[in-house]
1. Convex hull over the Cα atoms of segment B:6-46, averaged projected area in nm²?
2. Can you find, among A:Asn254, C:Ser257, C:Ser44, the residue farthest towards the positive end of the dipole of the protein assembly as shown? Put +1 on the C-beta of Lys and Arg, -1 on that of Asp and Glu.
3. Can you list the residues, at least 5 places off or on another chain, whose amide H is less than 5 Å from the amide H of A:Val100, using H built in the peptide plane?
4. What are the equivalent ellipsoid semi-axes of segment C:152-293, built from the alpha-carbon gyration tensor (square roots of five times its eigenvalues), in whole angstrom, biggest first?
5. Taking the Cα centre of segment B:1-94 as origin, work out the dipole magnitude from +1 charges on Lys and Arg Cβ and -1 charges on Asp and Glu Cβ, in debye rounded to 20.
6. Obtain the nm distance between the two label points defined at C:Lys104 and C:His255 by a simple spin-label model: each point lies 7 Å from its Cα along the Cα-to-C-beta direction.
7. When the helix-only estimate is applied to chain C (DSSP H runs of n ≥ 4, each -39,500 (n - 2.57), divided by the residue count), what is the mean residue ellipticity at 222 nm, nearest 500 deg cm²/dmol?
8. Enumerate the helices in chain C for which the Kyte-Doolittle hydropathy averages 0.0 or more and the C-alpha atoms extend at least 18 Å along the helix's axis, using complete DSSP H runs.
Amino acid sequence: MTGSEELIKEKKTIIEARNVNVFYGHFQALKDINIIMKENTVTAFIGPSGCGKSTFLRCFNRMNDYIEQFHIKGEILIDQKKIYWKSVAVEELRKEVGMVFQKPNPFPKSIFENVAYGLKIHGVKDKNFIEERVVKSLKDVALWDEVKDDLKKSALALSGGQQQRLCIARTLAVEPKIILMDEPTSALDPISTAKIEELLFDLKQKYTIVIVTHNMQQAARISDKTAFFYMGDLVEYDDTKTIFTNPKQEKTQNYITGRFG
Amino acid sequence: MKNMTNAQKNKLIDNAFKVFGIACTFFGLIILAILIFNIVEVGLSRIDWDFIKDLPSRRAQKAGIYTALMGTVWILFLTAIIAFPIGVGAGIYLEEYGKKTKWASLLEINIANLAGVPSIIYGLLGLEIFVRIFGLGGSLLAGSLTLSLLILPIIIVSTREALKAVPSSIKDASVALGASKWQTIWNQTLPASIGGVLTGVILAISRAIGETAPLIVVGALAYVPFAPSSPMDEFTVMPIQIFNWVSRPQHEFAVNAAAAIIILLLFTFMMNGVAVYYRNKWQKKIKW
Amino acid sequence: MRTRTQENIIETLLKFATSITILTTIGIIGVLLYETISFFKEVSIIDFITDKEWTPLFAQKHFGILPLVSGTILTTLIAIAVALPIGLTIAIYLNMYAPKGFRKSFKPMLEVLAAVPTVVYGFFALTVVTPFLQTIYPELSGFNSLSAGIVMGIMIIPFVSSLSEDALYAVPKTLKEASFGMGATRFQTSFKVMVPAASSGIIVSIILAISRAIGETMIVAIAVGQQPRLTFDPTVPIETITAYIVQVSMGDVPHGSLEYRTIFAAGITLFIFTFLLNTVSFWIKKKFHEKYD
């Protein structure tokens, strides 16, 4: 394991937050966060509800823009580019930074249309290309064998676990660099959860993944790095192994041993 | 009464009110049944092919509803193409763009108020603006513009309701893939809510078909010798033709009125039926 | 960048569509004010609100709006006297007594009453209700406010019943259960707990029904006659504001004449009535929402 930790250090930085403060009106949701994430790693955000981890996650693709009175100070860089810069087109940013939500949210359209949607809105017209990409994305999430005869059927007919894998395939189809996941398995049964966790191992080869989770074991199983948030502070950020075996902060220790949260 | 316990008395009142409640509920429906039965009884035998294709006449037996029917079809068509894009567009704007600003809440109050303005006032507006200032005269276009303004609030409100019913998780998913606001509305929100939007539009237009007063005020005529052939032609509509026949003392004209009412009611109920069917189909299709 | 421009164009178009509603309001108020001001240049405003006669179309002209206002109020009162007890009883029955499926199927059925074109109700009032009432009370005139008011009342029943039922439905279940838990009957619970708790919603429904009755045109244009008179006798012919506007519009009155302007003066009177009622109901609705949020 020490070997892989060395490897991470050598990897390219892909996400960087500098002195990020987030406010909802007068309420400060995040306090002076600094963090660096490397390419092709899985980073887990843990912490009790309302600690700011989801808010932080949604800063990376600017999904907070629509929230009233949302206000951010500091800088977030993705691929060395400041994403809260005025001239940044959020549509382009979100093509690079995909997101998977807590509850599976397929569009009320066919399975095929769900995966093809991202390509279409980004102006891809080549039908063969779209078809190839849809097939590839469904294979990448190990859904292909289950749905290959039903591509025209409504996505709403799939089971919860299948829907969530479809949502991941939908995100993969536009080939983002980063995938944000906001508690992607919290609405799923244990078997579906296991399948998605398995999937994350494969996806890591090609994508950088940031995942918010309430499930401590999940964080320990799947992530390389773990960040612990508490009341808007980034309390501790380290290799996952260190966080779970030898945390430096008492608060972290208390949280992961289940004394609060 | 005297040797009843308090509980028994209460129970008696309770049951008496229940009977009264049933009676009231059926009262409206029975009146509706009487109304329809009476009209069908008086007018049904008068309806034949000649009645539908004949031009108006001073002699009741020779008079037909052709010009009024064509006028109603024209009004229906023009009002739909004017009011549909404006009403749905405004509904989309209020629900998806201009939310929660001061301006938006002012617009909301304004629309609620417009919905309560009597239809005849819209007639006065149309008379001054469309007929006189725009110089459209008592034309189909002036009438349709007036009715479009009248039904705009209904379309806006029902469009907003339908859009509101689309879960935000769908919009989030689209936006997170990099779709712009309009791409999300056009590809996700509108297709998912189209049943509700159309229901509202159809109901609004069926209301427009039954409207009489504003069209009388903008100058639709009781007597038009020929069916209109362009939006600038003068016109009459079914309700005005009915009003005209009702106002005459001879019984033959009352028969004509009843016959025309049957056709008008068929129009109205059919559109309401289509709207309800659409709504049910849409609600069944999409279960989140 | 192309999409950005496209987005802006679409948003501008949508904004324009929305602004038409504002233009409509400005148009209504502007038109009514403009013509009414011209009207009051020729007719004294004192005469308008105190003269007891309205005869602008006769040689001997009087411009007192009171007879039209009294006619409007009279038909509205009769309509509400019919619609309020029946509509409210239906609302309570459907909410508290009726079996479950009943509510779902009967509400839309009753709403058909409001979908029937008003000219049809006018025909019904004139050819069915008036002759029927004359068998009970032979002195009833062929044109009268009684049958028009009753038919109008039937038409607005669904306004009262549907909206009141919505208000009753919104009352928290716990209140109902608390009352039942103390051994109250449905009747007692309805009138001592539910109706008071839903009172603001019920009042709003009644105000909307009144506003609808005041602005109703075709029933009165057909069934009350065209004789403006200051009376509250429901058996004689009268005229309402709306019926007067229709009467003038059916005739050939030249633009810009004083007769032409009378319909705007009558119209603004009508508009003020309904505007006040709508504002009150909007205000109550707002308060009501704050209470339950």
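The values are calculated or read from the model by the stated rules, or taken from the named source; none is laboratory data. On a predicted model such as this, the values are computed, not experimentally measured, just so you know. Cβ placement follows ideal geometry from the backbone for every residue including glycine, while neighbour counts extend to all protein chains displayed. The protein model used for the area step is the full one, side chains on, heavy atoms only, and it has no ligands, DNA or RNA in it. Shrake-Rupley method; radii C 1.70, N 1.55, O 1.52, S 1.80 Å.
1. Details: hull surface 10.8 nm².
Result: 2.7 nm².
2. Going by the charge dipole, the pick is A:Asn254.
3. Correct list: A:Leu180, A:Met181, A:Asp182.
4. Working: eigenvalues 352, 60, 20 Å².
Calculated on Cα positions only, the semi-axes equal 42, 17, 10 Å.
5. On the way: 9 positive and 5 negative charges, 88 e Å.
Dipole about the Cα centre, nearest 20: 420 debye.
6. 5.5 nm
7. Numbers: 13 runs with 210 residues, N = 293.
Computed ellipticity for chain C at 222 nm equals -24000 deg cm²/dmol.
8. Once both thresholds are applied, what remains is C:2-42, C:66-92, C:100-115, C:145-169, C:199-215, C:258-292.
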